[in-house]
Structure formats: C-alpha cells, structure tokens
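Enquirer: Let me give you the structure first, and then I'll get to my questions.
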Amino acid sequence: MTDQPRRVLVTGAAGRLGRAVLDLLAARGVPATALDLRDPGGLPADRVVTADAGDTAAVREALDGVDAVVHLAAIPAPSLGTPEEVFCGNTRATFVVLEEAGASGVRRAVIASSFSVLGLPWASTLRHPAYVPVDESLPLQNEDPYGLSKQVDEATAEMMARRYGMSVAALRFPLLGGPGDKFDKAVARYAEDPGSGAKELWTYLDTRDAASACWLGVTRPFDGYHAVFVTAPTTLASHPTEELVERFHPGSERRAPMPGRSAPVDLGVAERLLGFSARHPYPVAVPDEREAEAS
C-alpha cells in the first residue's frame, strides 16, 4: 500500500542520488521541485530553485504545492569543508527544510542520514561497533563533524515528527554508486587490503536502490520518526563476513549469524517499515570463483 504524493521537493537535486530520485519520480509521473546550489540543466523536474537548502526564504518558495520532501542536500564528507562549514551547514539545512516543510503542512519527509552517523567511517583510529549485526539502536561514537552533523540531523527529524506530526524516515546510506563506479575500486581495494573496509563494515548500496528507498520513505504508510539502515544484503568484500569481523572487530558482540558475505547490518527495520530490499547487487568474485576463472 502506498500513498503517492502530488509534488515532491528534492534538495541536493543535482547530486548523483538527487538525480536518481528525480528520474524515479518522473518515471512515476510525480511532479518534482528541484533545489540545489546550481542548476546544471537537464534536471527532470518542472520547477528548479537555485539556492542553498539553508536559505529560509528560498526553501519556503520551493515548498509551494509540495506535500512530500526528500532532503539530500549536504556537504557529504568532513574533508570537504572546515569543521564549522560541514557541521553548521548540514545541520542548518536540515533544520530549515524540515521546519519550513512542517510549517507549510508537509507531513511526509525523508532525510539522507549516513552510515557515518555511527562514528566509525571517519574516526582517526579503527573503532569497533558494540555488536554486530549493527542496528538502529547501536550506540554512536562520533568524533568528526560530518558524523556529528548526521546525528544532529536525526535528532532534528525526530523533533520535527513530534512538533508537526510528520512521518520522517532518516535513511542511513552506506557507500553509494554502481558498476564501473566507486564499487569497482572498493572491491579491488578490499580484496588487496580487507582492513580498508572495516570502518564501513564493507557495506554499499546501488544508487538506484537508494532512490527506491527514498520513494518508499515518502509513500509507505508509517507514523512518526524512524532511523533506517538501507544497504545491500551482501558486502563488497570477497571474504566471508564472519572472518572479517573476527579479524578486524574481534571485541564486537555477535548477536546473529552472518553467513557467507552477508552485510553485518540488521535490515529488519527497512523491510518491515518500508518494504525495502535492494534489487541491484554488485557481482563480487569470491576467491574460489577467481581461481576457477583463471584455470
């Protein structure tokens, strides 16, 4: 069961995921308003607003006629600005977009959170999750401005759900991309040095699946605020997951089996709340397969 919106505002619309969301909306015949710092041209949206997502007046203008929001605009790494720019820019944009959306009557929203909210990917040393598979209740260990911005974004979304009676999903995205893209490099790197993926728990998600998760976040019926891990069910590593966890996160409590190359992430909330499952797995050759191909 879904409730199709009449018009969706997509922030960060010129980014890789933003474009994928716009493509999906266009394919489903849903009008979109695109908001981004720049208009590269060719965006599949009938309205384009060129502005910062933290600009209150611009966001208010962009929300005209909108009944659902997909908020993706952010500085996506702590290395892409000063700590103040990353943290303050990201958290301001999320607050402004959700505050203006709620005040205008919007009751469905998705925000892009990140696997980085856990505090693992950008930590100065290898930190270990308290337990695996990780889930939405895992204690956070942030020490960087980007991960902290996502932690605050999630708190903002939870507050807005109470403040305005909104239904908000904070989607915790891992590495996004596709074949011939970041995934090829990650697979090669993890095969040569499995420890290089330990901070991300070797997780990934095809951008097309990420866009589908955004769609489900604004169409599936649910109430209130929810953080949701959305990842592919397998990893980009060719080694068995339990071997990787034992080697690189030996102190993490094991709460469930992780057979084969299963992602060490509990995807139950994504399945139950959104009906989400990834449909574009990346083909990773495991050692036995590589040996067979070489013989």
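Every read-out reported here was derived from the displayed coordinates using simple, explicitly stated rules and does not represent laboratory data. Everything numeric here is computed off the predicted structure, so don't read it as measured data. FYI the Cβ positions are ideal-geometry reconstructions off the backbone, even for glycines, and counts take in every protein chain you see.
Enquirer: Would you please name the trypsin sites (Lys or Arg not before Pro) within the range 249-284 that are DSSP coil residues with at most 14 other C-beta atoms within 10 Å of their C-beta? Numbers along the way, then the final one.
Expert: Values: sites: 254, 255, 261, 272, 279; in loops: 255, 261, 279.
Sites meeting the loop and neighbour criteria: 255, 279.
Enquirer: In Å and on Cα atoms, what radius of gyration and Dmax does the chain show?
Expert: 19.0, 64
Enquirer: Only loop residues by DSSP count here, and only those with at most 15 other Cβ atoms within 10 Å; note down the chymotrypsin sites (Phe, Trp or Tyr not before Pro) in the range 61-136 that meet that. Intermediate results must be reported in sequence, preceding the final value.
Expert: Details: sites: 87, 95, 115, 122, 131; in loops: 122.
When the chymotrypsin sites (Phe, Trp or Tyr not before Pro) of the range 61-136 are filtered for loop state and at most 15 Cβ neighbours within 10 Å, nothing remains.
Enquirer: Got a sec? How would 199, 185 order by Cβ neighbour count within 10 Å, fewest to most? Walk me through the intermediate numbers first.
Expert: Details: 199 20, 185 11.
Ascending number of Cβ neighbours within 10 Å: 185, 199.
Enquirer: Enumerate the whole-percent occupancy of each 10 Å bin, from 0 to the last occupied one, for all C-alpha pair distances of the range 1-59.
Expert: 25, 54, 19, 2
Enquirer: Once you put a point 7 Å from the Cα of residue 140 and another 7 Å from the Cα of residue 243, both along the Cβ direction, what distance in nm separates them?
Expert: That separation, rounded to one decimal, is 3.5 nm.
Enquirer: Based on other C-beta atoms within 10 Å, arrange 252, 113 from fewest to most. Walk me through the numbers on the way to the answer.
Expert: On the way: 252 18, 113 24.
The order, fewest Cβ neighbours first, is 252, 113.
Enquirer: Restricting things to Cα coordinates, could you compute the convex hull volume per residue of the range 1-158 in Å³?
Expert: So the per-residue hull volume is 126 Å³.
Enquirer: Among 182, 150, what is the fewest-to-most ranking by other Cβ atoms within 10 Å?
Expert: On the way: 182 16, 150 30.
With the fewest neighbours first, 182, 150 line up as 182, 150.
Enquirer: Further, regarding this structure: I want the antiparallel fraction of DSSP beta bridges within the chain, as a percent rounded to 5.
Expert: Numbers: 1 of 34 bridges.
Restricted to the chain, the bridges split so that about 5 percent are antiparallel.
Enquirer: Also, quick follow-up: Compute the length gained on full extension between residue 272 and residue 163: take 0.36 nm times their separation in residues and subtract their Cα-Cα distance, giving the result in nm to one decimal. Working shown, then result.
Expert: Working: separation 109, 0.36 × 109 = 39.24 nm, distance 2.49 nm.
Length gained between residue 272 and residue 163: 36.8 nm.
Enquirer: Roughly speaking, what is the stretch gain from residue 57 to residue 39, that is 0.36 nm per residue apart minus the C-alpha to C-alpha distance, in nm to one decimal?
Expert: Working: separation 18, 0.36 × 18 = 6.48 nm, distance 1.80 nm.
Extra length available between residue 57 and residue 39 comes to 4.7 nm.
Enquirer: Please get the size of the charge dipole for the chain, origin at its Cα centre, with Cβ charges of +1 on Lys and Arg and -1 on Asp and Glu, quoted in debye to the nearest 20.
Expert: Numbers: 29 positive and 39 negative charges, 118 e Å.
So the dipole magnitude of the chain works out to roughly 560 debye.
Enquirer: Another question, if that's okay. As an exercise, use a Förster radius of 25 Å and the Cβ-Cβ distance of residue 192 and residue 124 to find the FRET efficiency, rounded to the nearest 0.05. Please list the in-between numbers first.
Expert: Numbers: r = 23 Å, r/R0 = 0.92.
That gives a FRET efficiency of 0.65.
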